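Below you'll find the structure, written out as structure tokens, and then a few comments.
The values are calculated or read from the model by the stated rules, or taken from the named source; none is laboratory data. Bear in mind that the values here come from a model prediction, so they are computed numbers and not experimental data. Using ideal geometry, Cβ is built from the backbone for each residue, glycine included, and neighbour counts are taken over all protein chains shown.
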Amino acid sequence: MGYKTTTQTGKVVVGHRDTTKRRSQISLLARRFARNRLALTGLIIFIILVLGAIFADFIVDYEQDAITQNVQIRNLPPCREHIFGTDRFGRDVFARILYGARISLSVGVVTIISSLIVGSIIGAVAAYYGGHIDNILMRIMDIFLAIPHTLMAICIVAALGVGTIKMLIALSIAQVPQFARIVRSAILTVKGQEFVEAARACGTSDRRIIIRHILPNAIGPIIVQATLSVAHTIISITMLSFLGIGVQPPTPEWGSMMSDAKDQMRHYPYLVYIPGFFIALTSLSLNLIGDGLRDALDPRLKN
């Protein structure tokens, strides 16, 4: 809603209270998040990993360092030329870590976004309309939730076939039920508030009420869950690739790197430890970010 004020010089200044309020809320959340040192550390680590994945082409050569085999330099320990060493095919481990980050992070984020969109639609419709629609949709989600997430992803990949795109589809389907449940519970907390009733009384369509009024006011727990789910999805990507039903060679991916090196772990443990370290580091950073967002978005914290 806009407002007008007159300055001492007689000029009329037009402002927007909604925009100012939104900016103040964002700055307040940013200050709360910045005060959490662990969350800020996790954000810095995650940003470094993302930048490394984005600018991998400027750091190493994909074909020469990450794909091309050179048996003359295979199984080299970490050294000046190859800071993480080389694998049994003579490929640079550092280069494969960078490009593996690109695969893991991109697939993880796209998976969560797609499952969040579908789950939000299902959860919003179920919570807003209630009754038989709510019962039918939630019972379907309960059926999916009764199957372990990992087992469901494996079954879907087995049915669709191996490959990065099919793995993405499988993980997205497996994540939909939990987002539907979270969105439904978040919307139920704001569904009966006065601003929703006022919008309905003004003749606003159901779709507009859900998108413009309900979802923005229930976005806090959804954002937190999405952040935490990215870490879980990256671990699932690693697991599927380790089992040989995820990202296929020679495409570098952290799980497939560990799978390739598992037989050499006794003599060349760094080939397993290095990708495992980056998997743990990425998961830890995302969990720290999720915890920080949860604290920052908690309305009970006024300071």
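Conditions (1) out of contact with any strand residue (DSSP E or B) (no Cβ under 9 Å at 6 or more places or on another chain); (2) at pLDDT below 85; (3) surrounded by fewer than 19 Cβ atoms within 10 Å (Cβ to Cβ), marked per residue:
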residue: ASN217; (1), (2), (3): yes, yes, yes
residue: VAL230; (1), (2), (3): yes, no, no
residue: ILE237; (1), (2), (3): yes, no, no
residue: VAL247; (1), (2), (3): yes, yes, no
residue: TRP254; (1), (2), (3): yes, no, no
residue: GLN264; (1), (2), (3): yes, no, yes
residue: HIS267; (1), (2), (3): yes, no, yes
residue: ILE274; (1), (2), (3): yes, no, no
residue: GLY292; (1), (2), (3): yes, no, no
Could you list all residues from segment 47-88 that are in a loop (DSSP other than H, G, I, E, B), in contact (Cβ under 8 Å) with a residue 60 or more places away in the chain and not basic (Lys, Arg)?
ASN75, PRO77, PRO78, PHE84, GLY85, ASP87
Within the set of pairs 6+ apart or on separate chains, which have a first residue in segment 187-206 that is closer than 13 Å to TYR128 by Cβ and outside the structural domain of GLY130 (by TED's automatic domain parsing), a second that is among the basic types (Lys, Arg) and not in a loop (DSSP other than H, G, I, E, B), and C-beta atoms under 7 Å apart?
none
Can you spot a residue in segment 184-206 that is of a type outside the set (Gly, Ala, Ser), buried (at least 19 other Cβ atoms within 10 Å of the Cβ) and either touching a Pro at 6+ places or on another chain (Cβ under 7 Å) or under 30 Å from LEU160 (Cα atoms) (or both)?
yes
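Results for (1) free of Cβ contacts under 8 Å to residues at least 24 places away in the same chain; (2) assigned by TED's automatic domain parsing to the domain that holds ARG102; (3) farther than 22 Å from SER229 by Cα, shown as yes or no for each residue.
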| site | (1), (2), (3) |
| --- | --- |
| MET138 | no, yes, no |
| PHE144 | no, yes, no |
| ILE154 | no, yes, no |
| LEU160 | yes, yes, yes |
| ILE169 | yes, yes, no |
| VAL176 | no, yes, no |
Every residue in segment 216-228 that is touching a residue at least 40 places away in the same chain (Cβ under 8 Å) and either more than 17 Å from LEU293 (Cβ to Cβ) or small (Gly, Ala, Ser) (or both), please.
GLY220, ALA226
Going residue by residue through segment 235-243, is there one that turns out to be part of a loop (DSSP other than H, G, I, E, B) and touching a residue at least 12 places away in the same chain (Cβ under 8 Å)?
yes
